[in-house]
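Engineer: I have a structure here, written as structure tokens, and I will follow up with some questions on it.
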Amino acid sequence: MKRVLITGAAGNLGSKLARHLQGRYELRLLDIKQGDNPAIIQADLGQWDTYWTSQFQDVDTVVHLAANPNPTPPWADLIESNMDSVFNVFTAAAQADVRRVVFASSNHAMGQYKDLAEPAVLTTAIPPRPGTRWERNGRRGDSTPYGAMKLMGERMGKCFADAYPLSVIAVRIGWAQHGENTPAQMAPAVEDWFRLMWLSDRDFCQLMERCIETDLGAIRFAVVNGMSNNSGMRWDIEYARQLLGYAPQDDVTQS
């Protein structure tokens, strides 16, 4: 049985993935908070500490989901949680001879394409444009710091994949809501840009499992989009299908 370490295991996606993988893999779970899961080891990944880095020993795959999930904070609020922690996790993985790291990147690495008509299809081969400006219910936000930090994590993953015998897959995760995460849960006023990048829970879990299982020799470094099979979206998931065997089951427009 493979040993998989999940960071951010008490969060929205981490807790869902841990439940899905339970019994299929031997799990090690880390998070800055324990939540309601006694199996989670509390660890501040922004601070290097042998207490938590020792958990990387004899691990096959690390799924790094831990981060500040707020897409609109200032730069200073992301330094430890979304930059230092990424470097520390890659370093701990490399030192422990982990074979693969799956890094949770974000659609925000491409967010500025929201206001551009071209290209019509957003692949992971076109230049990234971090950040999304939005206005909703009288509130405005700009996710440029968050998107830039996610892009930095991707590039850091490539550097570690080049320097160590480490396979890295960065997944630009779409919109995965907390809780039930169904189309019915979305507010009626949600823009198509956000609605059409929806990622259902079962598609997310399947995608992560494909990242864990895909042959190590086939991937040294790759970036893939992580959305459900949403009709009419600009996001390309064909590369994820071909590279990983990802077969999403859900479509926000037909649910």
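The values are calculated or read from the model by the stated rules, or taken from the named source; none is laboratory data. Here the structure is a predicted model, which means the values were calculated and not measured. Every residue, glycine among them, receives a Cβ derived from its backbone with ideal geometry; neighbour counts consider all protein chains shown. Remember, those area values only see protein heavy atoms, side chains included, never the ligands or the DNA or RNA. Shrake-Rupley method; radii C 1.70, N 1.55, O 1.52, S 1.80 Å.
Engineer: Among the numbered conditions (1) within 22 Å of L21 (Cα to Cα); (2) free of Cβ contacts under 8 Å to residues at least 40 places away in the same chain; (3) assigned to a loop (DSSP other than H, G, I, E, B), tell me where P188 comes up short.
Structural biologist: (1)
Engineer: When the stretch 157-207 is examined, which residues are found to be of a type in the set (G, A, S) and at pLDDT below 95?
Structural biologist: Scanning the stretch 157-207 gives G179, A184, A187, A189.
Engineer: Out of the residues in the stretch 146-200 meeting the condition of being closer than 19 Å to R234 by Cα and over 14 Å from the mean Cα position of the chain (by Cα), tell me which one is surrounded by the most Cβ atoms within 10 Å (Cβ to Cβ).
Structural biologist: L196
Engineer: Taking only the stretch 1-21 into account, find how many residues are assigned to a strand (DSSP E or B), within 11 Å of L65 (Cα to Cα) and either hydroxyl-bearing (S, T, Y) or open to solvent by 20 Å² or more (accessible area, probe 1.4 Å) (or both).
Structural biologist: Going through the stretch 1-21 one residue at a time, the tally reaches 1.
Engineer: Residues of the stretch 53-76 being within 30 Å of D215 (Cβ to Cβ) and either free of Cβ contacts under 8 Å to residues at least 40 places away in the same chain or in a loop (DSSP other than H, G, I, E, B) (or both), which ones?
Structural biologist: Across the stretch 53-76, the qualifying residues are S54, Q57, D58, V59, D60, L65, A66, A67.
Engineer: Ok, one more. Out of the residues in the stretch 201-236 that are open to solvent by less than 10 Å² (accessible area, probe 1.4 Å) and β-branched (V, I, T), which is nearest to V4 (Cα to Cα)?
Structural biologist: By that ranking, first place goes to I212.
Engineer: Hey, can you tell me all the residues within the stretch 205-255 that are farther than 28 Å from D162 by Cβ and outside any loop (DSSP other than H, G, I, E, B)?
Structural biologist: Just the residues of the stretch 205-255 that are farther than 28 Å from D162 by Cβ, to begin with: 205-206, 228-234, 247-255.
Selection gives C205, Q206.
Engineer: For the stretch 24-62, enumerate the residues that are out of contact with any helix residue (DSSP H, G or I) (no Cβ under 6 Å at 6 or more places or on another chain), under 21 Å from L166 (Cβ atoms) and among the β-branched types (V, I, T).
Structural biologist: T50, V59 - these are the residues of the stretch 24-62 that are out of contact with any helix residue (DSSP H, G or I) (no Cβ under 6 Å at 6 or more places or on another chain), under 21 Å from L166 (Cβ atoms) and among the β-branched types (V, I, T).
Engineer: Among the residues of the stretch 37-52, what is the count of those that are closer than 24 Å to D84 by Cβ and open to solvent by 20 Å² or more (accessible area, probe 1.4 Å)? Give the steps one after another, and end with the answer.
Structural biologist: Taking the stretch 37-52 as the starting set, the residues that turn out to be closer than 24 Å to D84 by Cβ are 40-52.
Filter again for open to solvent by 20 Å² or more (accessible area, probe 1.4 Å), leaving 41-42, 44, 47-51.
Matching residues across the stretch 37-52 total 8.
Engineer: Kindly provide the set of residues from the stretch 22-36 that are of a type in the set (S, T, N, Q) and either within 22 Å of C211 (Cβ to Cβ) or surrounded by fewer than 13 Cβ atoms within 10 Å (Cβ to Cβ) (or both), ordered by number. Even if it seems obvious, please write down each step before you answer.
Structural biologist: Here is the first cut: in the stretch 22-36, the ones of a type in the set (S, T, N, Q) are 22, 34.
Passing the criteria: only Q22.
Engineer: In this structure, is Y239 within 15 Å of R202 (Cβ to Cβ) and among the aromatic types (F, W, Y)?
Structural biologist: no
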